[in-house]
Each structure stands twice: as C-alpha cells, then as structure tokens.
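The values are calculated or read from the model by the stated rules, or taken from the named source; none is laboratory data. All figures in this text were calculated on a predicted structure; none of them were measured in a lab. Every residue, glycine among them, receives a Cβ derived from its backbone with ideal geometry; neighbour counts consider all protein chains shown.
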C-alpha cells in the first residue's frame with residue numbers, strides 16, 4: 001500500500017482545509033437579520049467580535065490548505081515521480097492511522113496558532129479604538145472592562161477594585177497616560193453611537 005505520494009499528501013491537505021472551512025461556517029441568529037433590516041441592531045458582545053477575527057483566520061487557513069492540496073494532486077498527475085513512493089509494511093490500518101494522526105496534530109497546531117493570531121489582532125483593534133476614542137472611561141463601565149480583561153486573559157484578584165483592574169487592562173492594551181483623557185460626562189458610549197449613526201446614514 002502506498003503511504004507517501006503527492007496524491008496522498010494532497011488529499012491530507014484537502015482534509016485539513018475542509019475541516020477549517022467547515023468549522024468557520026456558523027449560522028447567524030435570524031433575529032439579528034431582522035434587527036439589521038429595521039436598523040435596530042442589538043449590541044454585539046466583544047467575545048463575538050473576537051470570534052469573527054478567529055473565523056477569518058480559519059477561512060484563510062482552509063482555502064490555503066485546499067489550494068496546496070489540489071496543487072499537489074495536479075502535480076502528481078502531471079509530473080509523476082521517477083522513484084516509487086514509500087510503501088507501508090504490514091496491515092494497511094497502520095498507514096491510515098499514521099495519516100489520520102498527522103491530520104489531527106496539524107489541525108491542533110494550526111488552531112493554537114490561529115488563537116494566538118486572533119488574540120493579537122483583537123488586542124491591536126482594541127488599542128487602536130481606545131487611542132482614537134480616548135474619552136472612554138473604563139471605571140464607569142466595569143462590565144465591558146471585565147469582558148475585555150477576560151478575553152485578554154487578565155486575572156482578577158480578590159482585593160481588586162475596578163480602578164486597579166482597569167489599570168491592568170490599560171497596561172495590557174499599552175494605553176499610555178498621555179493617550180488617555182478622562183471623560184467630562186458619564187456618556188462614554190457617545191463615540192459608539194456616533195459610529196452607529198454614521199453607518200445608518
């Protein structure tokens with residue numbers, strides 16, 4: 001039984017690509033379609049935004065592996081190897097197990113890399129947003145501050161005040177004191193409402 005050939009490697013790449021593409025396909029909530037149609041969109045949690053960044057990485061990885069896999073299969077047909085492929089000795093299930101093991105390990109490693117990449121991109125997007133809207137007051141919005149901290153992996157200590165935790169969130173986002181302005185009013189959602197109004201227009 002042939003164990004290593006361009007065709008078998010290409011098929012393995014195709015399987016990995018399909019796994020990531022299938023994992024990236026999520027069914028959106030129909031209620032959100034209706035809310036978007038009538039211009040009434042409920043606030044999307046930050047975890048959903050982070051998930052969208054991760055889905056983007058999964059789509060890119062899936063298509064990349066499919067392209068590489070199909071290219072290897074085409075190459076195997078157009079340019080056959082002059083030397084015979086490596087053959088598996090013994091029971092064919094050993095070769096199948098080896099192939100499946102390679103697919104699983106590759107998929108897990110890629111998922112870990114995607115999680116790291118998506119978190120880095122999400123952190124950068126948050127930093128850019130808070131630098132642009134420097135009047136956002138973390139202390140006056142503890143729920144959003146906690147959510148950001150949880151996504152970024154900032155642990156909460158027992159004796160933490162919201163000010164202490166907010167300061168660690170700012171440090172994680174690399175927001176310098178010079179780039180922060182305290183809000184003169186309690187309406188720290190004003191920048192977000194301005195963005196939403198601009199989109200509806």
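The figures follow:
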read-out	value
Verdict on residue 77 being over 27 Å from the mean Cα position of the chain (by Cα), over 24 Å from residue 125 (Cα atoms), part of a helix (DSSP H, G or I) and at pLDDT 85 or above	no
Matching residues in segment 2-33 - criterion: being over 20 Å from residue 98 (Cβ atoms), at pLDDT below 85 and surrounded by fewer than 14 Cβ atoms within 10 Å (Cβ to Cβ)	25, 26, 27, 28, 29, 30, 31, 32, 33
Residue match in segment 174-182 (condition: within 29 Å of residue 56 (Cα to Cα), crowded, with 16+ Cβ neighbours inside 10 Å, in contact with a helix residue (DSSP H, G or I) (Cβ under 9 Å, 6 or more places away or on another chain) and modelled with pLDDT of 80 or more)	yes
Pairs with Cβ under 7 Å, 6+ apart, first in segment 151-172 and in the same structural domain as residue 139 (by TED's automatic domain parsing), second part of a loop (DSSP other than H, G, I, E, B) and loosely packed, with under 15 Cβ neighbours inside 10 Å	165/156
